[in-house]
Amino acid sequence: MREGQRAGDALVIIVTGPLDIDTVAPLEVALCEAGAGPRDGDGAARPVVVDLAEVEFADSTTVNILLQQHAALGTRLRLAAPSPGLRRLFELTGLDGVLPLYGTVAEAAAADGAAAEPAGE
């Protein structure tokens, strides 16, 4: 996982490899730190984009962490470039109706936090 990259005003967390109960902790830490991170000039928290392009598998632990962080970060949390397998997981769990999904990091970073079209469609 690589974190701390920027796309416009957004912090981008690049996740690699499978996300399961044994490997998801760094993502959770990065999201918690992002929530406490810097604010813009108006005091608003910056958007956080999770780049999932290099993730082929995620389990329910990952879904729970994303839901918890969505509760903390709200519309600032955006998911980008999910693989077809992850997109299917998000559809089955209903996460795609809660968190905005974007086809690319650039789209997620540029978004205003409104609901996105389903990634890949």
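Computed from the coordinates by the stated procedures, all read-outs in this text should not be read as laboratory data. If you're wondering where the values come from, they're calculated on a predicted model, not measured in any experiment. Cβ: placed from backbone, ideal geometry, glycine included. Neighbour counts: every protein chain shown.
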* Asked: Conditions: (1) without any contact (Cβ under 8 Å) to a residue 12 or more places away in the chain; (2) in a loop (DSSP other than H, G, I, E, B). Pro82 meets all but one. Number of the miss?
  -> (1)
* **Complete set of residues in the range 64-112 that are of a type in the set (Val, Ile, Thr) and either crowded, with 19+ Cβ neighbours inside 10 Å or more than 20 Å from Glu28 (Cβ to Cβ) (or both)** => Thr104, Val105
